[in-house]
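Asks: My questions will all concern the structure given below.
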Amino acid sequence: MRIARSMLDQIVAQARDEAPNECCGIIGTRNGRAVKVYPVRNAAASPLRYEIDPRDQLRVFEALDDAALEVGAIYHSHTRSAPEPSQTDINLAFYPDAVYVIVGVRAWRITDGQVSEAPLEVEEG
């Protein structure tokens, strides 16, 4: 996935604003390029895990459909650990085609419980 530095900066700012809790959101993509960042509420309001608020998820999925975008990535922050998928992250990775970005910043593919680092190309802009 390719993402503009300005979008990555937006995600990092969200993580700082929501600390000490984890932040979360969805990145809409087209042809492997990030087009729009959709910050969402962490319904868990926890520094140890995230849960995308179901109403926000529905709102974002409708916006993605309207804009003909894909769920390219799901992101969240780790406030007390390295930016590597936790067992909880692995267990709750329900979108095998999405990249999972953990603010720190690293990206991962999580498919059927298997984790591998995914390339994340940051572009100026």
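Every number in this text was worked out from the coordinates using simple rules, so none of it is lab data. The shown structure was predicted, so the numbers you read here are calculated from the model rather than taken from an experiment. With ideal geometry, Cβ positions are generated from the backbone for all residues, glycine too; neighbour counts draw on all protein chains shown.
Asks: Filter the trypsin sites (Lys or Arg not before Pro) in the stretch 1-99 down to the DSSP loop ones having no more than 13 other Cβ atoms within 10 Å, then list what survives.
Replies: Of the trypsin sites (Lys or Arg not before Pro), the ones in loops of the stretch 1-99 whose Cβ has at most 13 other Cβ atoms within 10 Å are R80.
Asks: Please list the equivalent ellipsoid semi-axes of the stretch 71-125, computed as the square roots of five times the alpha-carbon gyration tensor eigenvalues, in descending order and whole angstrom.
Replies: Values for the stretch 71-125, descending: 18, 14, 9 Å.
Asks: P(r) of the chain in 5 Å steps, Cα pairs, percent per bin?
Replies: 2, 12, 22, 26, 23, 12, 2, 0
Asks: At 222 nm, what value in deg cm²/dmol follows for the chain if DSSP H runs of at least 4 each add -39500 (n - 2.57) and the sum is divided by all its residues, to the nearest 500?
Replies: Result for the chain, helices only: -7500 deg cm²/dmol.
Asks: Using the Cα atoms of the stretch 12-56 to build a convex hull, what is its mean projected area in square nanometres?
Replies: It is 3.5 nm².
Asks: Starting from the Cα of D17, move 7 Å in the Cα-to-Cβ direction to define the label point; list residues of the stretch 71-87 whose amide nitrogen is under 15 Å from there.
Replies: In the stretch 71-87, the label zone of D17 (backbone N under 15 Å from the point 7 Å along Cα→Cβ) covers 77.
Asks: Are there any GluC sites (Glu not before Pro) in the stretch 67-125 that are in a DSSP loop and have at most 15 other Cβ atoms within 10 Å? List them by number.
Replies: E124
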